[in-house]
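Read-outs: derived from the displayed coordinates by stated rules, not from any lab. Since the structure is predicted, the reported quantities are computational estimates derived from the model, not experimental observations. Positions of Cβ are generated from backbone atoms using ideal geometry, with glycine treated the same way; all protein chains shown enter the neighbour counts.
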Amino acid sequence: MLENDELMEERFVAFIDILGFKEIIKGIEERNSKDDLIFRKIRSVLNFMAEEVYESNYAADLPVYEETEDGLIERELGDPRLTYISDCIIISAQPTMDGFKGLSRKIHKITADLASDGIFCRGAITKGKLFHKERVIFGSSYIRAFTLEEELAVFPRVIIDPEIINFFSLKEGQMPLAPAFYGLDIDGFYYQRYWTWFLYPPHAGAYDSYLYRVRGHIDENLDKFKDSPRVLEKYEWLDREFNSLISWWQELGLMELTEHDKVLMRE
């Protein structure tokens, strides 16, 4: 229930949407089988997103501790708040650098986990007035994030609203716009990169196993949609993004591919 003294706040807000969700659901309805692998996969993905709203999966993301009369209380950096609706999740955080880092961590965690199941996302991050408490969310910043995602995200990426780039007053390459976290795309949009170094779901077992799994999902869709140019370009973008990050890690000496591992770099 909303209290009379609660006001709208300045916050970062991200709108994250599952790519191709309508087509996924259409296929599930046509097959209408409880043994449908895609149905089980999408149910797992949506359960993950719903659970993240109430309690951080795996462990607290970027925990900080506040000393109170009752002892230490664990909180998450930047006060991230989440609301889940159908095929999308809305995340907001304090309008500070800590808030942006906390928001970014949540996005990385969600996109990394979903990618493990072959589900990819697109979205947008902006900043402005917002009311966000539990499942109640409204404000012009939320509307703008939704509009940017729909009109400008295009590829399976989470872009940063060009209007808030000046907020950071940072040179490219500095945190949080470091190359492993954010990239500048050819169309001029900064976007959050998918496969941050060693950030992957625990059920994947190991980072290299996770990468092979994601590589397999990308390859599957490159072949599946080779005769559908508008969809294919989205997976071609993911293919380039995947190869780009692995190449970057190799240049930094953080990853060394064996002959066996070179299958990750599909040409």
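For VAL158, the residues 5 or more places off, or on other chains, whose built amide H falls under 5 Å of its own are GLY123, GLN192.
Only sites in a loop by DSSP and with at most 10 other Cβ atoms within 10 Å count here; which trypsin sites (Lys or Arg not before Pro) in segment 1-93 make the cut? Could the numbers behind the result be given before it?
On the way: sites: ARG11, LYS22, LYS26, ARG31, LYS34, ARG40, LYS41, ARG43, ARG75, ARG81; in loops: LYS34.
When the trypsin sites (Lys or Arg not before Pro) of segment 1-93 are filtered for loop state and at most 10 Cβ neighbours within 10 Å, LYS34 remain.
Spin-label model, LYS224 to TYR207: label points 7 Å out along the Cα-to-beta-carbon direction sit 2.8 nm apart. Listed by chain and number, the lysines whose C-alpha is less than 21 Å from the C-alpha of LYS129, apart from same-chain residues fewer than 8 away, are LYS101, LYS106.
The charge dipole of segment 1-145, taken about the Cα centre with unit charges on the Cβ atoms of Lys, Arg (+1) and Asp, Glu (-1), comes to about 880 debye, rounded to the nearest 20. Under the shape rule built on the C-alpha gyration tensor, where the axes satisfy a ≥ b ≥ c, segment 1-90 is prolate, since a/c reaches at least 1.5 and a/b is greater than b/c. Under the combined filter of DSSP loop state and at most 13 neighbouring Cβ atoms within 10 Å, segment 66-95 retains these GluC sites (Glu not before Pro): GLU69. Considering only PHE15, LEU245, LEU37, and ranking their Cα positions along the charge dipole of the chain that arises from unit charges at the beta-carbon of Lys, Arg, Asp and Glu, the one farthest toward the positive end is LEU37. Packing, taken as the mean count of other beta carbons within 10 Å per residue, orders the peptides 247-255, 206-214 from highest to lowest as 206-214, 247-255. Assuming charge only on the beta carbon of Lys and Arg (+1) and of Asp and Glu (-1), the dipole of segment 202-264 about its Cα centre is about 240 debye to the nearest 20.
From its DSSP helices (H runs of at least four residues, each -39,500 (n - 2.57)), the chain gives a residue-normalised ellipticity at 222 nm of -13000 deg cm²/dmol. The simple Förster model, with R0 at 25 Å and r as the Cβ-Cβ distance, assigns GLU10 and VAL154 a FRET efficiency of 0.35. Segment 55-69 and segment 176-231 have Cα centres spaced 28 Å apart. Calculated FRET efficiency, GLU29 to SER86, Cβ-Cβ distance, R0 = 22 Å: about 0.90 to the nearest 0.05. Here the 3J(HN,Hα) profile of segment 19-32, calculated from phi with Karplus coefficients 6.51, -1.76 and 1.60 at θ = phi - 60°, is 5, x, 5, 4, 5, 4, 5, 4, x, 4, 5, 5, 7, 6 Hz, Gly and Pro shown as x.
Across the chain, the relative contact order, built from alpha-carbon pairs under 8 Å that are at least six residues apart, equals 18 percent. How big is the charge dipole of the chain about its Cα centre, in debye rounded to the nearest 20, if each Lys and Arg gets +1 on its Cβ and each Asp and Glu gets -1 on its Cβ? I would put it at about 620 debye. Considering only ILE137, SER228, ILE89, and ranking their Cα positions along the charge dipole of the chain that arises from unit charges at the beta-carbon of Lys, Arg, Asp and Glu, the one farthest toward the positive end is SER228.
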